[in-house]
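Enquirer: Starting off with a structure, shown below.
Values quoted throughout were computed directly from the atomic coordinates according to the rules given, and no laboratory measurement underlies them. Remember, it's a predicted structure, so these values are computed and weren't measured experimentally. Here the Cβ is made from the backbone with ideal geometry for all residues, glycine too, and neighbour counts use every protein chain on show.
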Amino acid sequence: MDVPGISRKHLLALAHARMPYGKYKGRYLTDLPLPYLVWFRQQGFPKGALGQQLQAIFEIKENGLEGLLRRLREEFPRESP
């Protein structure tokens, strides 16, 4: 799958990313409710990689494309440590 401006490695990392804290700790970012992401957008996304991932997930969900990341997660599962 090729998405302009986004590497395959970045898409796979985004598909497997989980929320590290808060009410939705442990949940895949793709499974976060849209109102939660809207709140982050209004308050300001966190700094760093998590903020970039949350912003990307917001844009992906806003355009109804989160199914693509879910499919990537199913087709390319992470190996257990």
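Enquirer: Suppose we filter segment 30-61 for residues that are farther than 17 Å from R8 by Cα and under 12 Å from the mean Cα position of the chain (by Cα); how many remain?
Expert: Counting residues in segment 30-61 that are farther than 17 Å from R8 by Cα and under 12 Å from the mean Cα position of the chain (by Cα) gives 12.
Enquirer: Between residues in segment 17-36 that are more than 16 Å from G51 (Cβ to Cβ) and residues that are part of a loop (DSSP other than H, G, I, E, B) and aromatic (F, W, Y), which pairs lie under 9 Å by C-beta distance while being six or more apart or on different chains?
Expert: Pairs found: D31/Y24; P33/Y24.
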